[in-house]
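One structure below.
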Amino acid sequence: MEEYFQDLEKRLDQAYEVAGKARSQGFDPDLEPEVPQAEDLAARVEKLAGPEGVAESIRELERELSREELAFEIAEMVVENKFERLGPVKAAEQAVRTALAIITEGIAAAAPIEGITHVDVKKNFDGTSYLSIYFAGPIRSAGGTAAALAVLVGDFVRRKLDVNIYDPTDLEVERFVEEVEIYDGIKTLQYSPSESEVRKAVRNIPVEITGEPTEHETVTGYRDLDRIETNRIRGGAVLALAEGVLQKAPKLRKHVSKLELDGWEWLSDLAKSASKEEETKGYPKGDKYLKNIIAGRPVFGYPQRPGGFRLRYGRARNTGLAAAGIHPATMRILNDHISTGIQLKIERPGKAAAIAPVDTLEGPIIKLRDGSVLQVTSEEQAKELKDKIEEILFLGDILIGFGEFLENNHSLMPAGYCEEWWAEEVRKTLGEKREDVELEPYLDPAYGKPPVQPAVEISEKLAVPLHPSYTYFYHDLSLEELEKLGQWLASGEPEFDGEILKRVRLEVKEIPKRFLERLGVPHQVKDGNVIIGEEAYPLYTCLGLIQDGALDSKTLISTLQENPDKTQLEIIKILTGFPVRAKAPTRIGSRMGRPEKTKPRKMSPPPHVLFPTGLKGGPRRSVPKASESGSLDLEVANSKCPNCGEFTFKKKCPKCGATTEITEYCRKCKAERPAESGKCLACGSRVVHYRERKVEVKSLLDEALENLQEPLPDEIKGVKGMTSTYKLPEPLEKGILRAKHNIYVFKDGTTRFDATDLPLTHFRPREVKIPIEKLQELGYDRDHEGRPLENEDQVLELKPQDILLSEPAADYLLNSAKFVDELLEKFYGLPPYYNATEKEDLIGQLVIGLAPHTSAGITGRIIGFTDARVGYAHPYFHAAKRRNADGDEDAVMLLLDGLLNFSQFYLPETRGGKMDAPLVLTTRLDPREVDDEAHNLDVMSSYPIEFYEATQHYEDPSNLTSKIETVKDRLGTPAQYENLKFTQIHNPTTISAGPEECKYKSLETMKEKAYSQLELGRKIMAVDESNVAERLIEHHFIPDLKGNLRAFSRQKFRCTTCNRKYRRVPLDGKCSNCGGKLILTVTQGGVEKYMDIAMKVAKDYKVSDYTQQRLGLAKTEIASVFESDIRKQLSLADFA
């Protein structure tokens, strides 16, 4: 593994050397690459949050302390001036920022840098001092736990500085109550605290949680308070309180206990009330996932309802880290509404999961239009049958690992009986007794399916449960239904081979046949008869219907009468003499969340270059169109050449070639002025680093084309104006070359491709479309069992910083590589770097992986491609971005593109502008420093029998960590990188099975989306389609109709020429900026667009009278706005 990391670092150094040579020429905002390397957490924290010298202390202490303990220890050292002498306020602010940076692994840099605007010491009304922490919107990127700990660090620092506690007034408390309610209505909090919880927290938290305004909405009841500087909603403060302190109260309480801090006892009261609520609920059917149903995104199963996904424990090589597996046949029979990478909102153990194909799972059971029932075992079979399906009786398995329950602190739910559990039980029994039965083919990890007769014999001889292949959903029928089924089954015409029942023919009877369907027993329907094949023998045996070579239900009926208090499975044990376990005691309800994503990152509208066009570029921000005006008045950087005194917006002086310096400009004085703390020394006004000047766009464009020796592309799109602090434009040459290669630029100068995250710990060479020889060059010379790599079906363990590109991503990054090479050659005068002519040339090249809410990239290496529209990478790689795979999507960019083109000078100056930017780059991935969700990944080839037994009584997963190995057990050892096992039975044939894209993406109209969703719901036994329709209307259509009507009443008017918006139309009816035509931004059609489909859905699916009346009221309300109240003249036809 060390050799692997050294190779990555060598390639990194080569790229940095090339970028350094290019940047030293002075065409870019800085003379060096602006993505500094950070080899570990300590380096990231020091570079992002400071103070200088803290990295060394972090490295010394992190070997002994947990992440949170380390944060508090460093905070104490900052306050004690161990790094630099600071005043109390500055020391408190630095301590909180540094501690928050440590807690977020130095990845979510926006949280400590911008999520906290500042820390202050203010006065209580009794004259005592208190600490106040000002939060802003980017604190969301830290996550709830980190935000809560930032507040706790504030209290810890307050004590060290001998500052008193915050004493809120009643008005300040009620202000927060009102603010939380308003913010929740605008943005929707993950956790909506009660008013009493908010009051208790604000009254008791020893520091003030406050912040800058983030929303336009204002409070109405508690305004103009002395110690709160704004009446607008403080979103950052609300997030820190609600999703931080209150949502994470149990975690916070543990840290309070460790630190022995008083004043936080009230957290225990919150925990007690929460635990009482849990006690009353027991193990409820979680239906939160059914809220906010969206048209076109189907519900696949209601909570714990028969027919839904069966919980199957295990981790395939492409699941874990919040990714779950289902059979690709299930994807197909659901009309392609599920594809690889799609997000499912799930009932448990977490809120959501990305879906991966695992064809070793149990497939779906379907009923065909002719009445026949069968289990689908392959994707090919599913594609053949999907248009013949009458009903989906069982969706198949959903694979969820032990680690997911551990991570979510969710009690283990009863496991369904499966092959791996059966094998463990048989092995255990064989250790106690010896029987003359050949079992090895059924006990090895392939877990072959035994024939019918041996399967029953094994149970009879060893007294072990019946094999899961012949175990049906007996627990889904009542005892009365079981009796009726037995009577009907016994009336059939049997076909015996000796004592073995081979098949049975029965006359179709609707009610008992429905029971057979609910059991999931495969059968055919021909000529008005039901024919049960080999499945008849275990079925009839379990129900005690085979008596002396004939069929008879008397034994079943008498057993039921004698044991009215027994369960279905207990009755079967009495009848057979051996146990039969529950096939599916736990079903997982689910609905579709976000579709999978794989597409270029684009701004709106998408530019090729960060160069302003002003109004002259038109709606498309066209640089050629803007150049037709010759010179434009643009706000651009105010740079001055120190040699010749020339003023320009370029970093390289156009006269003498020296590097220019950006100077302050006072817009009030209309001149360059010296400044202090951002204020003009002459007039006190705020200075800026730009000014409006005439820019000869035509000559600049001609010059750029001449420099590159390129013809003018069909289009070069710029931006309307620069949003950065310095307003420093990119060279037009970059835009010309991007346009040539059909790629786009993001806000920071980079070219990116987004994809949904999916984990992958192992792969086959044929899956990644790379020759074995090339993989061997990349260090993949042995498979995961240590055998030499010789064929493309061997399973290899993925190295921690290696990634797979989807085919669209490969094509886009190939274009990006061609752009970089031409940029090096034609703009910088350097040799090409990638020399890429086809996507295979990208193999081995380095990328930067980056999550939208973070500011630290992670180095990755491309080792192959996948047909799946996702970004497959090692779980560590995703966790290094502080991401999991519950539907998250992240970006990759070519390393050299980032080093050449990224600049902080381009980032927006607004709050949060530094999010989603590679401010630092992690070079070597250390599993100890990634998001700790990855530490709960289970890494065993099979689960022990004790695990399956423990699930039956809802065991706390933390009680089984001694029996099930996780990544956490390997941290700090060489084994943290290698031999991370997956559940051996779950080794999918291919990681890109199933539909290429989910059906949702191909549905264009709202009618298509709604009816596709509802008709699928009609087919699924586990779904109530009428209830889905009701929820769809209540949570999508009606809110949208009302929201659109509200938007119509508050709308602005837009200029079609310059896009300027007006709250009221100017008196002359024209745009006062350019004289252009003004139009409405919200039209009648936009308001009414969902009314017709909502009314049709309500009628077709017979929703409740209440919902139909709500729709009717909404329709009347809309009509009252658009139809005149003046009585219309009637015609004779009106009286007909």
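The values are calculated or read from the model by the stated rules, or taken from the named source; none is laboratory data. Since the structure is predicted, the reported quantities are computational estimates derived from the model, not experimental observations. Using ideal geometry, Cβ is built from the backbone for each residue, glycine included, and neighbour counts are taken over all protein chains shown.
Taking (1) under 51 Å from the mean Cα position of the chain (by Cα); (2) within 21 Å of Gln568 (Cβ to Cβ) in turn, Ile546 satisfies each apart from (1).
Out of Pro808, Pro729, Pro771, I need the residue that is in contact with a strand residue (DSSP E or B) (Cβ under 7 Å, 6 or more places away or on another chain) and surrounded by fewer than 16 Cβ atoms within 10 Å (Cβ to Cβ). Which one? If you could, list the steps in order and put the result at the bottom.
Numbers: Pro729 fails: surrounded by fewer than 16 Cβ atoms within 10 Å (Cβ to Cβ); Pro771 fails: in contact with a strand residue (DSSP E or B) (Cβ under 7 Å, 6 or more places away or on another chain).
Only one candidate qualifies: Pro808.
Considering only the stretch 594-602, I want to know if a residue exists there that is touching a residue at least 40 places away in the same chain (Cβ under 8 Å), in the same structural domain as Leu489 (by TED's automatic domain parsing) and surrounded by fewer than 21 Cβ atoms within 10 Å (Cβ to Cβ). No, every residue in the stretch 594-602 fails to be touching a residue at least 40 places away in the same chain (Cβ under 8 Å), in the same structural domain as Leu489 (by TED's automatic domain parsing) and surrounded by fewer than 21 Cβ atoms within 10 Å (Cβ to Cβ).
Which one of these is in contact with an Asp or Glu (Cβ under 6 Å, 6 or more places away or on another chain) and within 20 Å of Leu634 (Cβ to Cβ): Ala704, Ala675? Steps first, answer last, please.
Numbers: Ala675 fails: within 20 Å of Leu634 (Cβ to Cβ).
Step by step, each of Ala704, Ala675 is checked, and only Ala704 is in contact with an Asp or Glu (Cβ under 6 Å, 6 or more places away or on another chain) and within 20 Å of Leu634 (Cβ to Cβ).
Would you confirm whether or not the stretch 480-489 contains a residue that is charged (D, E, K, R), free of Cβ contacts under 8 Å to residues at least 60 places away in the same chain, surrounded by fewer than 19 Cβ atoms within 10 Å (Cβ to Cβ) and closer than 27 Å to Trp421 by Cα? It would help to see each step written out before you state the result.
If we filter the stretch 480-489 for residues that are charged (D, E, K, R), which is where we start, we get 480-481, 483-484.
After this cut, where a residue has to be free of Cβ contacts under 8 Å to residues at least 60 places away in the same chain as well, the list is 480-481, 484.
Checking which are surrounded by fewer than 19 Cβ atoms within 10 Å (Cβ to Cβ) leaves us with 480-481, 484.
Next cut, closer than 27 Å to Trp421 by Cα only: none.
No, there is no match, as no residue in the stretch 480-489 is charged (D, E, K, R), free of Cβ contacts under 8 Å to residues at least 60 places away in the same chain, surrounded by fewer than 19 Cβ atoms within 10 Å (Cβ to Cβ) and closer than 27 Å to Trp421 by Cα.
The residues on offer are Asp916, Asp897, Asp890, and the sole one that is in a strand (DSSP E or B) and not hydrophobic (A, V, I, L, M, F, W, C) is Asp890.
Conditions tested, residue by residue: (1) aliphatic (A, V, I, L, M); (2) over 30 Å from Pro875 (Cα atoms).
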position	(1), (2)
Lys968	no, no
Leu980	yes, no
Thr989	no, no
Tyr1000	no, no
Gln1013	no, yes
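Each residue in the stretch 47-83 was checked for being buried (at least 20 other Cβ atoms within 10 Å of the Cβ) and without any contact (Cβ under 8 Å) to a residue 12 or more places away in the chain, and 0 pass. When restricted to residues that are in contact with a helix residue (DSSP H, G or I) (Cβ under 7 Å, 6 or more places away or on another chain), assigned to a helix (DSSP H, G or I) and more than 27 Å from Leu41 (Cα to Cα), the stretch 932-957 contains 5. Restricting attention to the stretch 613-638, and to residues there that are in contact with a helix residue (DSSP H, G or I) (Cβ under 8 Å, 6 or more places away or on another chain) and of a type in the set (Asp, Glu), which single residue is surrounded by the fewest Cβ atoms within 10 Å (Cβ to Cβ)? For the stretch 613-638, the residue satisfying everything is Glu628.
Evaluate the stretch 854-875: report whether one residue or more is part of a strand (DSSP E or B), farther than 29 Å from Leu31 by Cα and polar (S, T, N, Q). Explain how you work it out, then say what you get.
Step one: list which residues in the stretch 854-875 are part of a strand (DSSP E or B), which gives 856-866, 871-873.
Next, from what is left, pick out any that are farther than 29 Å from Leu31 by Cα: 863-866, 871-873.
Now restrict to residues that are polar (S, T, N, Q): 866.
Yes, the stretch 854-875 contains a residue that is part of a strand (DSSP E or B), farther than 29 Å from Leu31 by Cα and polar (S, T, N, Q).
Remark: Leu545 matches the filter, which requires a residue to be among the aliphatic types (A, V, I, L, M), without any contact (Cβ under 8 Å) to a residue 60 or more places away in the chain, farther than 18 Å from Glu390 by Cα and touching a helix residue (DSSP H, G or I) at 6+ places or on another chain (Cβ under 7 Å). Residues in the stretch 1072-1108 that are charged (D, E, K, R) and assigned to a loop (DSSP other than H, G, I, E, B) were compared, and the one that is surrounded by the fewest Cβ atoms within 10 Å (Cβ to Cβ) is Lys1102. Taking the conditions (1) surrounded by fewer than 16 Cβ atoms within 10 Å (Cβ to Cβ); (2) part of a helix (DSSP H, G or I) in turn, Asp1068 satisfies each one other than (2).
Scanning the stretch 136-182 for residues that are more than 26 Å from the chain's Cα centre (by Cα) and not in a helix (DSSP H, G or I) yields a count of 9.
Residues that are within 30 Å of Val695 (Cα to Cα) and not polar (S, T, N, Q): which helices (runs of 4 or more DSSP H) entirely in the stretch 526-638 hold 3 or more of them?
Details: elements: 536-542, 554-562, 568-576, 623-627.
Hits in the stretch 526-638: 623-627.
In this structure, Pro206 qualifies as touching a Gly at 6+ places or on another chain (Cβ under 7 Å), under 16 Å from Leu261 (Cβ atoms) and not β-branched (Val, Ile, Thr). Among the criteria (1) within 30 Å of Cys998 (Cβ to Cβ); (2) in contact with an Asp or Glu (Cβ under 8 Å, 6 or more places away or on another chain), the one Pro831 does not fulfil is (1). Cβ-Cβ contacts under 7 Å between residues 6 or more apart (or on different chains), taken from a first residue in the stretch 1038-1054 that is of a type in the set (Gly, Ala, Ser) to a second residue that is in a helix (DSSP H, G or I), are absent. Within the stretch 710-718, is there a residue that is surrounded by 19 or more Cβ atoms within 10 Å (Cβ to Cβ), part of a loop (DSSP other than H, G, I, E, B) and in contact with a Phe, Trp or Tyr (Cβ under 9 Å, 6 or more places away or on another chain)? Checking the stretch 710-718: at least one residue is surrounded by 19 or more Cβ atoms within 10 Å (Cβ to Cβ), part of a loop (DSSP other than H, G, I, E, B) and in contact with a Phe, Trp or Tyr (Cβ under 9 Å, 6 or more places away or on another chain).
Identify all residues within the stretch 33-67 that are of a type in the set (D, E, K, R), under 15 Å from Pro112 (Cα atoms) and either out of contact with any Pro (no Cβ under 8 Å at 6 or more places or on another chain) or in a loop (DSSP other than H, G, I, E, B) (or both); write none if there are none. Don't jump to the end; show me each part of the working.
If we filter the stretch 33-67 for residues that are of a type in the set (D, E, K, R), which is where we start, we get 34, 39-40, 44, 46-47, 52, 56, 59-60, 62-64, 67.
With under 15 Å from Pro112 (Cα atoms) added as a condition, the list becomes 44, 46-47.
Of everything in the stretch 33-67, those that are of a type in the set (D, E, K, R), under 15 Å from Pro112 (Cα atoms) and either out of contact with any Pro (no Cβ under 8 Å at 6 or more places or on another chain) or in a loop (DSSP other than H, G, I, E, B) (or both) turn out to be Arg44, Glu46.
I want to confirm something. Restricting to the stretch 528-558 and keeping residues that are surrounded by fewer than 19 Cβ atoms within 10 Å (Cβ to Cβ) and among the hydroxyl-bearing types (Ser, Thr, Tyr), which single residue is nearest to Pro465 (Cα to Cα)?
Just the residues of the stretch 528-558 that are surrounded by fewer than 19 Cβ atoms within 10 Å (Cβ to Cβ), to begin with: 528-529, 531, 533-534, 547-550, 552, 554-555, 557-558.
Filter once more, keeping what is among the hydroxyl-bearing types (Ser, Thr, Tyr): 555, 558.
On the way: Thr555: 21, Ser558: 23 Å.
Checked the stretch 528-558; the qualifying residue nearest to Pro465 (Cα to Cα) is Thr555.
Restricting attention to the stretch 837-853, the residues that are of a type in the set (Asp, Glu) and not in a helix (DSSP H, G or I) total 1.
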